[in-house]
Amino acid sequence: MTKPLDRDAWVELYDRHARDLHRYLALRVDAAIADDLVSETFLIAWERRQSFDPARASVKAWLFGIGTNLLRQHVRSEGRRLRAWARDHGRRAVADHVDDRTASAVDAKSLMSDLGEVLADLRPEERDVLLMIAWGDLSAAEVAEVTETPVATVRTRLFRARAKLRAKINGQEGDDGA
């Protein structure tokens, strides 16, 4: 994208990246909202296409950056929703008499509930890094481009987020000081 894109090149860019961006956003919000966020991302990218600098970021990272910023604006209450989701799944996981297969499902739902709470409790920067890497399939370098932070900072945030998740899975208290 060193020169302004014509319509055909823009369509190709959309075809190449929209599905991945949508998948990433749809894992954070419902599919209908993700549809809107993808559309808005490409609209903003089109409006700002003259200012895109390929030396600074890849096109994918640039689009994910716009999409993530839109997501943040739209989902200011993400923590509350994750806690509500965790409570709801926790209630559904309770059962009096279960066989081995059902017990496994209950354990998995209970773990989902716990992980939802841990995700909600992560600092927003840690949660964004973890989910961009896990759900957006971005590399640490691409996340650094998106968030305009050093790669070492991205790796530290990812390490801390994973440590908190690991601690919860292993039944330990998370390190709130990290």
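Structure above, values below:
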item	result
Selection count, segment 34-78, where residues are closer than 13 Å to A18 by Cα and either surrounded by fewer than 17 Cβ atoms within 10 Å (Cβ to Cβ) or more than 16 Å from the chain's Cα centre (by Cα) (or both)	8
Unique match (being at pLDDT 85 or above and either among the hydrophobic types (A, V, I, L, M, F, W, C) or in a loop (DSSP other than H, G, I, E, B) (or both)) among A103, A108, A57, A61	A61
Subset of segment 23-33 that is open to solvent by less than 40 Å² (accessible area, probe 1.4 Å) and in a loop (DSSP other than H, G, I, E, B) - its residue that is farthest from A141 (Cα to Cα)	V29
Residue match in segment 34-46 (condition: of a type outside the set (F, W, Y) and either modelled with pLDDT under 90 or in a loop (DSSP other than H, G, I, E, B) (or both))	no
Residue ID - farthest from K60 (Cα to Cα), chosen from residues in segment 144-160 that are in contact (Cβ under 8 Å) with a residue 60 or more places away in the chain and open to solvent by less than 50 Å² (accessible area, probe 1.4 Å)	T147
Residue in segment 116-130 that is at pLDDT 70 or above, assigned to a loop (DSSP other than H, G, I, E, B), under 22 Å from I169 (Cβ atoms) and open to solvent by 50 Å² or more (accessible area, probe 1.4 Å) present	yes
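The values are calculated or read from the model by the stated rules, or taken from the named source; none is laboratory data. None of these values were measured; they are calculated from a predicted model. Positions of Cβ are backbone-derived with ideal geometry, glycine not excepted, and every protein chain shown enters the neighbour counts. Note: areas computed on protein heavy atoms with side chains; ligands, DNA, RNA excluded. Shrake-Rupley method; radii C 1.70, N 1.55, O 1.52, S 1.80 Å.
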